[in-house]
Amino acid sequence: MNDTARRFADVVLPSTSWLEEVGCKSTNTHLYLMDQALEPPGETRPLIPS
Amino acid sequence: MQAAGREAVGLWAGHGLFANNYGTRVGSHLLRRFANVWGCQWWNPTMICWGLGAFGLGLTGVLETNTKEDMGEHADLILLWGANLASQPNTGRHLVAARRRGAHIVAIDVRETEAAAQADEVIRIRPGTDAALALAMMHVIVAEGRHDAAFVADHALGFDALAAHVRAHSPAWGEAVTGVPAERIAALARRYAATRPAMIVLGGSSMHKGANGWQAARAIACLPALTGNLGIPGGGFGPRHGSRAHGQDLTDITAPERRPPGRYIPNQMSRVTEALVDGQVRVLLLFGTDMLSSFADAGQVAAGLARRTWSSATTSS
């Protein structure tokens with residue numbers, strides 16, 4: 001947990017990191033599907049459910 | 001959030017959620033859509049990164065970039081301006097292809113970067129003096145009549161004011177500021193003006209983050225316009241972090257037209273911090289970002305966040 005969350009948050013909601021959710025990345029010329037690579041740990045939830 | 005009222009609620013993604021799905025920024029766009037539809041505070045995460053440089057480019061009007069493939073196939077001169085291959089490795093092989101084709105490559109940087117190994121010429125400048133180098137180059141180009149007068153007349157605004165401004169910024173002046181010998185500045189300016197197409201690959205994550213980096217971006221962006229290097233294969237600006245080529249655009253789901261009128265705090269760190277301290281923002285949602293680390297004046301941010309009337313929520317992305 002980062003410094004800001006540790007020192008000041010009243011509520012902390014655990015979220016997935018990019019490896020734990022389906023994503024989409026774009027470069028100047030291509031769009032890439034980024035498959036989920038890891039199981040989300042504990043109670044983490046992605047912002048966009050897949 | 002409802003009890004506090006929409007204008008007292010702020011959403012800040014920083015580089016956390018914003019940088020997930022980089023390029024499409026789907027998550028960040030959903031947050032922005034929420035902020036627009038409801039009418040709460042939302043600040044552009046690029047303000048902690050390359051946004052200021054892009055602001056400078058936007059003021060000058062050269063936002064679109066040419067592609068790396070175009071650079072490899074067509075550019076005859078490539079100025080890597082604060083752009084290091086180590087941080088933009090996809091560009092590397094196209095740079096090598098350009099060099100094999102015979103393109104001349106100049107690396108302008110504050111140190112000998114990995115890009116310097118691929119360059120015909122390395123120009124080391126003092127940190128934060130990129131604007132001065134661009135002004136001195138323009139001085140030479142204008143004073144010696146090497147600019148593309150027809151292109152400037154047809155497509156540019158403000159040439160007379162620019163010409164008057166750069167008169168005082170000679171290569172000797174440039175040498176005193178940048179540490180680059182005056183004759184090297186003049187030679188670079190002449191080479192840039194004489195070679196077409198010539199491409200500038202700007203470091204979107206380097207000089208844009210320094211003090212007044214947006215002024216450097218403004219100054220450098222005048223160079224392709226001055227020499228008619230815009231709108232042609234192998235010219236203009238090369239690929240840059242956060243940039244898009246012509247025609248590369250994705251549907252916008254942020255619904256800016258639905259944003260109701262409100263007392264909105266602008267995209268400026270100092271104003272956002274002020275709003276935390278004076279209580280204009282009383283509920284803050286942070287999405288995977290460490291605000292204390294990424295904002296300037298961490299002490300003031302901490303003072304704002306420490307106010308006891310807070311109800312904040314943080315997710316770690």
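Inspect the range B:230-242 for any residue being over 30 Å from B:V152 (Cα atoms) and in a loop (DSSP other than H, G, I, E, B) and give the result as yes or no.
The first filter runs over the range B:230-242 and keeps only residues over 30 Å from B:V152 (Cα atoms), leaving none.
Scanning the range B:230-242 turns up no residue that is over 30 Å from B:V152 (Cα atoms) and in a loop (DSSP other than H, G, I, E, B).
Considered as a group, the residues in the range B:88-144 that are farther than 17 Å from B:R191 by Cβ and of a type in the set (G, A, S) include one that is surrounded by the fewest Cβ atoms within 10 Å (Cβ to Cβ), and that residue is B:A117.
The single condition among (1) at the interface with chain A (Cβ under 9 Å from one of its Cβ atoms); (2) in a loop (DSSP other than H, G, I, E, B) that B:A302 does not satisfy is (2).
Entry remark, the range B:1-30: residues being outside any loop (DSSP other than H, G, I, E, B), surrounded by 19 or more Cβ atoms within 10 Å (Cβ to Cβ), more than 7 Å from chain A (Cβ to nearest Cβ) and touching a helix residue (DSSP H, G or I) at 6+ places or on another chain (Cβ under 7 Å) number 4 in total.
How many of the residues making up the range B:244-291 are within 14 Å of another protein chain (Cβ to nearest Cβ), among the acidic types (D, E) and either touching a Ser or Thr at 6+ places or on another chain (Cβ under 9 Å) or surrounded by 12 or more Cβ atoms within 10 Å (Cβ to Cβ) (or both)? Lay out the reasoning, then the answer.
To start, the set of residues in the range B:244-291 that are within 14 Å of another protein chain (Cβ to nearest Cβ) comprises B:244-253, B:272-273, B:276-277, B:281-291.
Add one more test, that the residue is among the acidic types (D, E), and what stays is B:249, B:252, B:290.
Of the ones still in play, those that are also either touching a Ser or Thr at 6+ places or on another chain (Cβ under 9 Å) or surrounded by 12 or more Cβ atoms within 10 Å (Cβ to Cβ) (or both) are B:290.
Residues flagged as within 14 Å of another protein chain (Cβ to nearest Cβ), among the acidic types (D, E) and either touching a Ser or Thr at 6+ places or on another chain (Cβ under 9 Å) or surrounded by 12 or more Cβ atoms within 10 Å (Cβ to Cβ) (or both) within the range B:244-291 amount to 1.
Just to be sure I understand, how many residues within the range B:66-91 are within 14 Å of B:P239 (Cβ to Cβ) and modelled with pLDDT under 90? Within the range B:66-91, residues that are within 14 Å of B:P239 (Cβ to Cβ) and modelled with pLDDT under 90 number 7.
Evaluated against (1) assigned to a helix (DSSP H, G or I); (2) modelled with pLDDT under 95, B:R271 falls short on exactly one condition, (2).
Which of the strands (runs of 3 or more DSSP E) found entirely inside chain A contain at least 1 residues meeting this: touching a Cys at 6+ places or on another chain (Cβ under 7 Å)?
Where strands (runs of 3 or more DSSP E) fall fully within chain A and carry at least 1 residues being touching a Cys at 6+ places or on another chain (Cβ under 7 Å), they are A:31-34.
Figure legend. Inter-residue proximity from the range B:60-75: first residues within 14 Å of chain A (Cβ to nearest Cβ), second residues among the aromatic types (F, W, Y), beta-carbon distance below 6 Å, spacing 6+ or different chains. Indicated pairs: B:T65/B:F237. Residue count for the range B:61-84 satisfying the condition of being in contact with a strand residue (DSSP E or B) (Cβ under 9 Å, 6 or more places away or on another chain) and part of a helix (DSSP H, G or I): 4.
Kindly indicate whether B:G82 is surrounded by 24 or more Cβ atoms within 10 Å (Cβ to Cβ), in contact with a Phe, Trp or Tyr (Cβ under 6 Å, 6 or more places away or on another chain), more than 13 Å from every other protein chain (Cβ to nearest Cβ) and in contact (Cβ under 8 Å) with a residue 60 or more places away in the chain. Here the answer is no, as B:G82 does not meet what is asked.
Within the set B:G228, B:G238, B:G210, the sole residue that is at pLDDT 95 or above and either surrounded by fewer than 24 Cβ atoms within 10 Å (Cβ to Cβ) or not assigned by TED's automatic domain parsing to the domain that holds B:D154 (or both) turns out to be B:G228. Would you confirm whether or not the range B:115-138 contains a residue that is assigned to a helix (DSSP H, G or I) and β-branched (V, I, T)? Looking for residues that are assigned to a helix (DSSP H, G or I) and β-branched (V, I, T), one finds none in the range B:115-138, hence no.
Screening A:S17 against (1) facing chain B (nearest Cβ under 7 Å); (2) within 28 Å of B:K68 (Cα to Cα); (3) hydroxyl-bearing (S, T, Y) leaves a single unmet condition, (2).
Restricting attention to the range A:21-39, the residues that are in contact with a Pro (Cβ under 7 Å, 6 or more places away or on another chain) and either more than 10 Å from chain B (Cβ to nearest Cβ) or more than 16 Å from B:F287 (Cα to Cα) (or both) total 1. Scanning the range B:271-308 for residues being in contact with an Asp or Glu (Cβ under 7 Å, 6 or more places away or on another chain) and of a type in the set (V, I, T) gives a total of 1. For B:H147, the criteria (1) modelled with pLDDT of 95 or more; (2) crowded, with 21+ Cβ neighbours inside 10 Å; (3) part of a helix (DSSP H, G or I) hold in every case but one, which is (3).
The values are calculated or read from the model by the stated rules, or taken from the named source; none is laboratory data. Just so it is clear, the structure is predicted and the values come from calculations on it, not from any experiment. No Cβ is skipped: glycine too gets one built from the backbone with ideal geometry, and neighbour counts run over all protein chains shown.
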